[in-house]
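Visitor: There's a structure below that I have some questions on.
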Amino acid sequence: MQATLQPRDLADALAARAAHPGALPMAGGTDLMVELNFDRRRPERILDLTRVAELAGWDREGDELVIGAGVTHARLVTDMRGLAPGLGIAARTVGSPQIRNRGTIGGNIATSSPAGDALPPLVASGARIEMASASGARSVPLSEFLTGPKRNVMAPDELITAVRVPVAQGPQQFAKVGPRNAMVIAVCSLSVHLDAVEQTVRTAIGSAAPTIVRATEAEEFIEGVLEERGAWERPGPLPASALTRFGELVAAAARPIDDVRGSAGYRRHALAVLGRRTLSWCWQEHRA
Ligand SMILES: Cc1cc2nc3c(=O)[nH]c(=O)nc-3n(C[C@H](O)[C@H](O)[C@H](O)COP(=O)(O)OP(=O)(O)OC[C@H]3O[C@@H](n4cnc5c(N)ncnc54)[C@H](O)[C@@H]3O)c2cc1C
């Protein structure tokens, strides 16, 4: 491997990406170094993005958050509270403190694993991915950016620069199932977001399909229940039967496989439980 490229700003990073198509971008290195250590990849160079200031921060533009690709999970945990709480909760479940201090939102998105914890809350929020190359910039919804397990629409000369996330208009939850409480890749995960202004419910399932999927029938079902009961205006308790049905519809939307982390049957069962739980947490918060 030849010398590492270390651009200091975005223009230099994009120029380096165009000039060295064989160079592999690296942010925190927490996914990439595993690939290199196991000899799964042997890039001719590394394009080190850690010095690119434009990627490192986040800002609020009106009703949207513009989160730089280089923002770490640790920062999402502290900074997204109240703004994009589902994303903050998900970031808190990533790896260990060391991994959260190094690993970035851009790396999670670029890896495009169905088990990437930042992805369900971002899909449930309707987030858009901003990409740039030396010849221009574009933005695509995350749901279209992800095309399969570890596959996405990013071109070889592009970098992810930021992710645009609508500011939360209601409670958001994320929960994941794994064999222990920390340092686990999700067996399955679920984000549920309530929008009290638009009176909508959004879901996104992780690690139980080739990519992140929404449970649209579950969303429509519970929106119908809430509307029928006038519950957005007069938020009373939700009937247990509605929570159970919501969980069943979440599980039905998954397309899980049997693998080393869990069977398809277990994933479906766990998603039904996560559906019930995360919706009831959100609803309790909305009522409070
Ligand atoms: C011990 C351990 C535990 C982990 N636990 C979890 C977990 O619980 N949940 C979870 O979701 N993940 C987990 N991960 C995976 C990893 O930490 C995350 O996916 C993290 O967000 C990756 O970010 P990074 O900055 O380290 O990416 P890197 O390793 O630097 O890069 C990952 C990929 O993204 C590309 N890339 C990075 N930045 C950009 C950019 N701006 N534009 C274009 N391409 C880019 C790289 O070329 C590479 O292909 C774990 C990893 C380890 C080693």
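The values are calculated or read from the model by the stated rules, or taken from the named source; none is laboratory data. Note that the coordinates shown come from a computational prediction; the quantities given were computed from them, not determined experimentally. Cβ: placed from backbone, ideal geometry, glycine included. Neighbour counts: every protein chain shown. Side chains are part of the model used for accessible areas, which takes the heavy atoms of the whole protein and leaves out ligands, DNA and RNA. Shrake-Rupley method; radii C 1.70, N 1.55, O 1.52, S 1.80 Å.
Visitor: Across region 131-146, what is the total count of residues that are within 16 Å of V213 (Cβ to Cβ) and either assigned by TED's automatic domain parsing to the domain that holds L14 or surrounded by 13 or more Cβ atoms within 10 Å (Cβ to Cβ) (or both)?
Guide: 5
Visitor: If you don't mind, there's one more thing I want to ask. When you scan region 215-242, how many residues do you find that are of a type in the set (D, E, K, R) and under 27 Å from the mean Cα position of the chain (by Cα)? Full working, then the answer.
Guide: To start, the set of residues in region 215-242 that are of a type in the set (D, E, K, R) comprises 217, 219-220, 223, 227-229, 233-234.
Filter again for under 27 Å from the mean Cα position of the chain (by Cα), leaving 217, 219-220, 223.
Here the count works out to 4.
Visitor: Quick check on this structure: which one of R128, R81, R102, R42 is open to solvent by 30 Å² or more (accessible area, probe 1.4 Å) and near the ligand (Cβ under 7 Å from one of its atoms)?
Guide: Of the residues listed, the single one that is open to solvent by 30 Å² or more (accessible area, probe 1.4 Å) and near the ligand (Cβ under 7 Å from one of its atoms) is R102.
Visitor: Within region 202-222, can one find any residue that is surrounded by fewer than 15 Cβ atoms within 10 Å (Cβ to Cβ), modelled with pLDDT of 95 or more and farther than 28 Å from G116 by Cβ?
Guide: no
Visitor: Which condition number does W58 fail, the rest of (1) hydrophobic (A, V, I, L, M, F, W, C); (2) open to solvent by less than 30 Å² (accessible area, probe 1.4 Å); (3) touching a helix residue (DSSP H, G or I) at 6+ places or on another chain (Cβ under 9 Å) being met?
Guide: Every condition holds for W58 apart from (2).
Visitor: How about region 1-45: which of its residues are over 25 Å from the mean Cα position of the chain (by Cα), under 25 Å from G116 (Cα atoms) and in a strand (DSSP E or B)?
Guide: A23 - this is the single residue of region 1-45 that is over 25 Å from the mean Cα position of the chain (by Cα), under 25 Å from G116 (Cα atoms) and in a strand (DSSP E or B).
Visitor: Now a separate question. Only one residue in G62, G29, G22, G57 is away from the ligand (no atom under 11 Å from the Cβ) and on the phi > 0 side of the Ramachandran plot, so which one is that? Talk me through it step by step, then tell me what you get.
Guide: Values: G29 fails: away from the ligand (no atom under 11 Å from the Cβ); G22 fails: on the phi > 0 side of the Ramachandran plot; G57 fails: on the phi > 0 side of the Ramachandran plot.
Residue meeting the stated conditions: G62.
Visitor: Continuing with the same structure: Which residue is surrounded by the most Cβ atoms within 10 Å (Cβ to Cβ), if the candidates are limited to region 183-201 and must be more than 14 Å from A124 (Cα to Cα) and within 16 Å of the ligand (Cβ to nearest atom)?
Guide: C188
Visitor: Under 7 Å between Cβ atoms, which residue pairs at least 6 apart in sequence (or on different chains) link something in region 216-236 that is of a type in the set (F, W, Y) with a partner that is not in a helix (DSSP H, G or I)?
Guide: Partner pairs satisfying both residue conditions: W232/A196; W232/Q199.
Visitor: Checking the conditions here, which among I257, I222 is within 30 Å of P179 (Cβ to Cβ), β-branched (V, I, T) and assigned to a helix (DSSP H, G or I)?
Guide: Being within 30 Å of P179 (Cβ to Cβ), β-branched (V, I, T) and assigned to a helix (DSSP H, G or I) holds for just one of I257, I222, which is I222.
Visitor: Which condition does L87 not pass, out of (1) open to solvent by 10 Å² or more (accessible area, probe 1.4 Å); (2) in a helix (DSSP H, G or I); (3) more than 9 Å from the ligand (Cβ to nearest atom), if it passes all the others?
Guide: All conditions pass for L87, except number (1).
Visitor: Then there's this: Pull out all pairs, ordered by first then second residue, where Cβ-Cβ is under 8 Å, the residues are six or more apart or on different chains, the first lies in region 148-171 and is basic (K, R), and the second is open to solvent by 50 Å² or more (accessible area, probe 1.4 Å) and modelled with pLDDT of 95 or more.
Guide: Every condition considered, the pairs that remain are R164/E64; R164/R128.
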